[in-house]
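Here is the structure we will look at, set down as structure tokens.
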Amino acid sequence: MWFKKRKPSVDDNLNAVDHSEKILSAAAEEYSTDITNHRRPSISSETREPVFSYDINNQQGVLRLRRGKWAGRTWTVRLQCCDNPLCACANVNFHCMDTDDADRNTQEHTEKIYFGLDANAHKATADTGRANLHYAPELAKAAVAEFGEQEWQLLYRFLLKTKRKSIRAMDVSKLTLPDLSAVLKGNGSLIGFAEIFPFADCFEFELNGELWAVDDQYCVMPDCDCREVVVNFLQLIPSQHQSVKLNKQIPAARYNYQRNKSEVQQKPGPEQPSLAALLKTLREVHPSFVEDVKCRHKQLKTIYQRSVLAQEPSDNYLGSGQTIRRDKPKAGRNDPCPCGSGKKYKKCCAR
């Protein structure tokens, strides 16, 4: 099956942009104070003492609410969330143990409860049926009522770190196959990494006092051996009503990570940096960028090929050897490249 490559657009990038905004808000500490001060009120702007604190490295925290029947009680907390790299859910479970009970009684008599919060929607989640734990919906509602920006950002940072760790450690040959039909939409073969892995690193960086994130898209055609990634540079602008908003002018480059060469896909706006400056800064801030996109390209092609072969095995196999059948003859060197670039095959994917 041959596909026509789709051009980067605002609609194509919406999913990646949504997660980039969340990521930038949650990762405020990774940026300079000057940049952080232009965002909506963040951790540094809140003077109240938080009701929830958590050491992400040691995986232990404390919950101490101030209002209602829970006021004054202290809970030690261990957080847990879904580590499926394909899952877009933002549910985080709180496994709580009453510290006061632990002081008064033996460990086995200490009350242990749990509840869940959605780190994106800022609301309580339903009971997930944890064994040996009592579900506490009232405590969940009380936590939501008292959580402020600081607590929600902390919760999202935990979620982000856990999801990204699972993405780095994943074996794509063993993942449950995602449904790619909605991603490809029948009009292209470029797949954005964030479309499949919603919490993936978006290669955030700062240039000239402006925040940028990257939506990286890849060709997944089985017959194509290109070594390229379409890099969409998303400029995120500070807003009073939300953390950031997207500049609809999206510079884009087609970057050959094997040859270290780039080609303009979409020119920057008049007030934006050049693509050369954006690419240079991206690689300086993220030294492993080339190796990362190389790995991502291979991972997406593996997933796509598994998906195609699983859906239409009879159309894609020839006998027991499991050889992929071409729907069209292989392009000649001087024929238009089947990827849709408009170039000759010998000057595009045949290189």
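The values are calculated or read from the model by the stated rules, or taken from the named source; none is laboratory data. Predicted model only: the values in this text are computed from it and were never measured. Cβ coordinates were reconstructed from backbone atoms using ideal geometry, including for glycine residues, and neighbour counts include every protein chain displayed. To get the accessible areas, we keep the full protein, side chains included, count just its heavy atoms, and leave off ligands, DNA and RNA. Shrake-Rupley method; radii C 1.70, N 1.55, O 1.52, S 1.80 Å.
Taken over segment 243-295, the criterion of being over 18 Å from Asp225 (Cα atoms), open to solvent by less than 50 Å² (accessible area, probe 1.4 Å) and part of a strand (DSSP E or B) is satisfied by Val244, Leu246, Ala252, Ala253. Screening Ser181 on (1) open to solvent by 70 Å² or more (accessible area, probe 1.4 Å); (2) over 25 Å from Tyr218 (Cβ atoms); (3) at pLDDT below 85 shows it passes everything except condition (2). If you take the residues in segment 236-256 that are modelled with pLDDT of 90 or more and touching an Asp or Glu at 6+ places or on another chain (Cβ under 7 Å), which one is farthest from Glu271 (Cα to Cα)? Among them, the one singled out is Asn256.
Of the residues making up segment 112-165, those that are acidic (Asp, Glu) and open to solvent by 40 Å² or more (accessible area, probe 1.4 Å) number 3.
Counting only residues that are without any contact (Cβ under 8 Å) to a residue 60 or more places away in the chain and out of contact with any Gly (no Cβ under 7 Å at 6 or more places or on another chain), segment 46-68 holds 9 of them.
The set of residues from segment 200-220 being under 20 Å from Tyr304 (Cβ atoms) and either open to solvent by 20 Å² or more (accessible area, probe 1.4 Å) or of a type outside the set (Val, Ile, Thr) (or both) comprises Ala200, Asp215, Asp216, Gln217, Tyr218, Cys219.
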